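Only one structure is covered here, and it is reproduced in the block below.
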Amino acid sequence: MKLLLERFSSRLHETPYTAEVILETGAKINIDRANVDAVRADLIIDVPDDKVERVAELFRQKGVKVRKLLKLIAWDEERCIHCGACISVCPTGVFKFDSSWNICMEEEKCVRCEVCVKACPLGALALACVENEVT
Ligand code: SF4
Ligand code: SF4
């Protein structure tokens, strides 16, 4: 499962909190995306399902806001014309054509970069809302 981590602090860089959680849980955490500056860090991490609750709890204890990303990308199939533009731009290979040349997706590969949202000529794609999905 993917978790969205949000941390705001002027002392952000004093503690290697992601490394600490990995060491404390033994979880093989994959960092899908990281936006980090002097006072803010937003990370999307992929965590093995059996470690999600423990990892989330430890991050919370370290002052990190944690949300479960139950849905990553919203695809409006009614609008989609199966043009394939999203296949070309997605850096992680979420989209592909099926045997009938219709678009299908492997949502779990999405890292919420938003590139496909901007590329879709029909506005059929959007980042899925994460409100109300706080762990
Ligand atoms: S870019 Fe938009 S319209 Fe084209 S296949 Fe992808 S979702 Fe469908
Ligand atoms: S948001 Fe990025 S990773 Fe996710 S489906 Fe779109 S292009 Fe691919």
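Please go through (1) exposed (fewer than 14 other Cβ atoms within 10 Å of the Cβ); (2) outside any loop (DSSP other than H, G, I, E, B) for Glu78 and return the number of the only condition it doesn't satisfy.
Unmet condition: (2).
Go through the range 102-124 and count every residue that is within 10 Å of ligand 1 (Cβ to nearest atom) and either part of a loop (DSSP other than H, G, I, E, B) or not assigned by TED's automatic domain parsing to the domain that holds Cys80 (or both).
Number satisfying all stated conditions: 6.
Tell me, which residue of the range 84-99 that is of a type outside the set (Gly, Ala, Ser) and more than 18 Å from Val111 (Cα to Cα) is surrounded by the fewest Cβ atoms within 10 Å (Cβ to Cβ)?
Asp98
Could you list all residues from the range 84-99 that are among the polar types (S, T, N, Q) and more than 10 Å from ligand 1 (Cβ to nearest atom)?
Thr92, Ser99
Evaluate the following for Lys51: is it under 16 Å from the mean Cα position of the chain (by Cα) and either among the charged types (D, E, K, R) or away from ligand 1 (no atom under 16 Å from the Cβ) (or both)?
Details: under 16 Å from the mean Cα position of the chain (by Cα): no; either among the charged types (D, E, K, R) or away from ligand 1 (no atom under 16 Å from the Cβ) (or both): yes.
So Lys51 does not fit the description; no.
For residues in the range 63-75 being more than 8 Å from ligand 1 (Cβ to nearest atom) and farther than 26 Å from Gly26 by Cβ, which is surrounded by the most Cβ atoms within 10 Å (Cβ to Cβ)?
Ile73
Has the range 111-121 got at least one residue that is under 15 Å from the mean Cα position of the chain (by Cα), among the charged types (D, E, K, R) and within 7 Å of ligand 2 (Cβ to nearest atom)? I'd like the intermediate steps shown before the answer.
Going residue by residue through the range 111-121, those that are under 15 Å from the mean Cα position of the chain (by Cα) are 111-117.
With among the charged types (D, E, K, R) added as a condition, the list becomes 112, 114.
Of the ones still in play, those that are also within 7 Å of ligand 2 (Cβ to nearest atom) are 112, 114.
Yes, the range 111-121 contains at least one residue that is under 15 Å from the mean Cα position of the chain (by Cα), among the charged types (D, E, K, R) and within 7 Å of ligand 2 (Cβ to nearest atom).
Scanning for something in contact with an Asp or Glu (Cβ under 9 Å, 6 or more places away or on another chain) and either near ligand 2 (Cβ under 7 Å from one of its atoms) or farther than 30 Å from Ala56 by Cα (or both), does the range 83-94 turn up at least one residue?
Yes, the range 83-94 has at least one match.
If we keep just the residues of the range 44-56 that are hydrophobic (A, V, I, L, M, F, W, C) and out of contact with any helix residue (DSSP H, G or I) (no Cβ under 7 Å at 6 or more places or on another chain), which is surrounded by the most Cβ atoms within 10 Å (Cβ to Cβ)?
Ile45
Any residue in the range 77-91 that's charged (D, E, K, R): show its pairings with residues that are near ligand 1 (Cβ under 8 Å from one of its atoms) and assigned to a loop (DSSP other than H, G, I, E, B) at Cβ separation under 6 Å, as long as the two are six or more apart or on different chains.
Sorted first by the residue in the range 77-91, then by its partner, the pairs are Arg79/Leu122; Arg79/Ala124.
Looking at Arg40, Arg33, Arg60, which one is at pLDDT below 95, out of contact with any Ser or Thr (no Cβ under 9 Å at 6 or more places or on another chain) and surrounded by 12 or more Cβ atoms within 10 Å (Cβ to Cβ)?
Arg33
The values are calculated or read from the model by the stated rules, or taken from the named source; none is laboratory data. Every value quoted in this text rests on a predicted model; they were computed, and no experiment measured them. Quick reminder, even Gly has a Cβ in these numbers, built from the backbone with ideal geometry, and neighbours come from all protein chains shown.
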